[in-house]
Amino acid sequence: MVKFLSRDALRDILAFFREAGVDEPLDETPSNRLLSAARLAQKVAPPTTSPAPPPAVPAMPRAVSDKPAADPAAPSAEDHERFAFVPDRPVTPTAAVPDEGQVLLARELARKARTLDELRDHMSAFEGCNLRYTAKSLVFADGNPEADLMLVGEAPGRDEDIEGLPFVGRSGQLLDRMLAAIGRDRTSAYIANVIPWRPPGNRTPTPQETEICRPFIERQIELANPKVLVTLGGPSAKVLLRTTDGVLRLRGGWKAHVTEGGVAVPTMPTLHPAYLLRTPAHKRLAWRDLLEVKAKLRELAAGS
Ligand code: URA
């Protein structure tokens, strides 16, 4: 029997989703995420120039068969019964299972890139991070890759995902003001994120997702070759400085981000603009950090 919910009940459900960070539907039709992503991936034929017709849809069994399925990747009779899995259209991958293999692949692709453009191309083609399937855009970078200053945030949010550029939302506007305070803008700074795809609902990226994306941002830093790096917020500092210390302890002191090639880039961890929007009293700390950055850049320019 179809049950209709009242307008108030629907409003409560939507409010619950909003509070839980669910701010957009991912697909027009519901998809069965209970079947493992690996099994879904196995069922996807590689693209061909003339697409094969979709496989014949097996009839929904009325009773559970006791015969083993011929294709171990195909849904079993039990799957049909439990999940009502009826593929009425070709299945496209909606997830990647994070594992060590994807980290190794990301590392190999990152290492192969000889320019930032090549790196961006490799990242666009990389299918090993599940975040790319829910994000609209690859958010690679903004600003001037020739700049002596590079800033790295955590991951794109909704506005960044829509525009395909890092730090364009409210925290980006504050970041622009922070840069202006030390005489910089996006023509004299290069900006990227540790994670280039927006996590759904802005959730925290998992450690596996972070490890899969790490080779890309490390190579991006290596290729951009800034004189000074600024990490924005705790997650970025933890990844790029390989530390578990919190950002309030780390900020304000010079550290080194060591590239794969062994180059130590002077790095200033500072507070994330989104945190500063919530905690404006700490803006003075970030201001101090940026003055350090300005002085260091001046010192390095004078010495070169
Ligand atoms: N927060 C980040 O860490 N990065 C962005 O690009 C936007 C918000």
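The values are calculated or read from the model by the stated rules, or taken from the named source; none is laboratory data. Nothing here was measured: the structure is a model prediction, and the numbers come from that model. Glycine also receives a Cβ, built like all others from the backbone with ideal geometry; neighbour counts cover every protein chain displayed. Protein only, heavy atoms only, side chains kept; ligands, DNA and RNA dropped before computing areas. Shrake-Rupley method; radii C 1.70, N 1.55, O 1.52, S 1.80 Å.
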Scope the stretch 224-270; condition in a strand (DSSP E or B), without any contact (Cβ under 8 Å) to a residue 40 or more places away in the chain and within 23 Å of the chain's Cα centre (by Cα); matching residues: His257, Val258, Thr267, Pro269
Contacts under 8 angstrom Cβ, first residue in the stretch 162-176 being of a type in the set (Lys, Arg), partner open to solvent by less than 10 Å² (accessible area, probe 1.4 Å) and more than 8 Å from the ligand (Cβ to nearest atom), 6 or more apart: none
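Would you check which residues across the stretch 211-236 are at negative phi and within 13 Å of the ligand (Cβ to nearest atom) and list them? I'd like the intermediate steps shown before the answer.
Let us first name the residues in the stretch 211-236 that are at negative phi, namely 211-224, 226-232, 234-236.
Matches in the stretch 211-236: Cys213, Ile217, Val230, Thr231, Leu232, Gly234, Pro235, Ser236.
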Residue within the stretch 136-151 that is among the aliphatic types (A, V, I, L, M), modelled with pLDDT of 95 or more and away from the ligand (no atom under 14 Å from the Cβ) present: yes
In the stretch 141-163, the residues that are within 11 Å of the chain's Cα centre (by Cα) and part of a loop (DSSP other than H, G, I, E, B): Glu154, Ala155, Pro156, Gly157
Matching residues in the stretch 268-302 - criterion: being more than 14 Å from the ligand (Cβ to nearest atom) and basic (Lys, Arg): Lys283, Arg284, Arg288, Lys294, Lys296, Arg298
Residues of the stretch 160-175 satisfying the condition of being within 7 Å of the ligand (Cβ to nearest atom) and within 12 Å of Ala192 (Cα to Cα): Glu160, Pro166, Phe167, Gly172
Residues located in the stretch 142-156, provided they are surrounded by fewer than 24 Cβ atoms within 10 Å (Cβ to Cβ) and either farther than 23 Å from Thr267 by Cβ or of a type in the set (Asp, Glu) (or both): Asp142, Glu146, Asp148
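Scan the stretch 290-304 and tell me whether some residue there is out of contact with any Phe, Trp or Tyr (no Cβ under 9 Å at 6 or more places or on another chain), within 22 Å of Gly169 (Cβ to Cβ) and open to solvent by less than 30 Å² (accessible area, probe 1.4 Å). So that I can check it myself, show each step before the final result.
First pass over the stretch 290-304, keeping only residues out of contact with any Phe, Trp or Tyr (no Cβ under 9 Å at 6 or more places or on another chain): 290-291, 293-295, 297-304.
Within this subset, residues satisfying the condition of being within 22 Å of Gly169 (Cβ to Cβ) are 290.
The next check asks that each one be open to solvent by less than 30 Å² (accessible area, probe 1.4 Å); those that pass are 290.
The answer is yes, given that some residue of the stretch 290-304 is out of contact with any Phe, Trp or Tyr (no Cβ under 9 Å at 6 or more places or on another chain), within 22 Å of Gly169 (Cβ to Cβ) and open to solvent by less than 30 Å² (accessible area, probe 1.4 Å).
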Cβ pairs under 6 Å, 6+ apart, first in the stretch 182-207 and basic (Lys, Arg) and part of a loop (DSSP other than H, G, I, E, B), second within 11 Å of the ligand (Cβ to nearest atom) and open to solvent by less than 30 Å² (accessible area, probe 1.4 Å): Arg198/Pro156; Arg198/Asp161
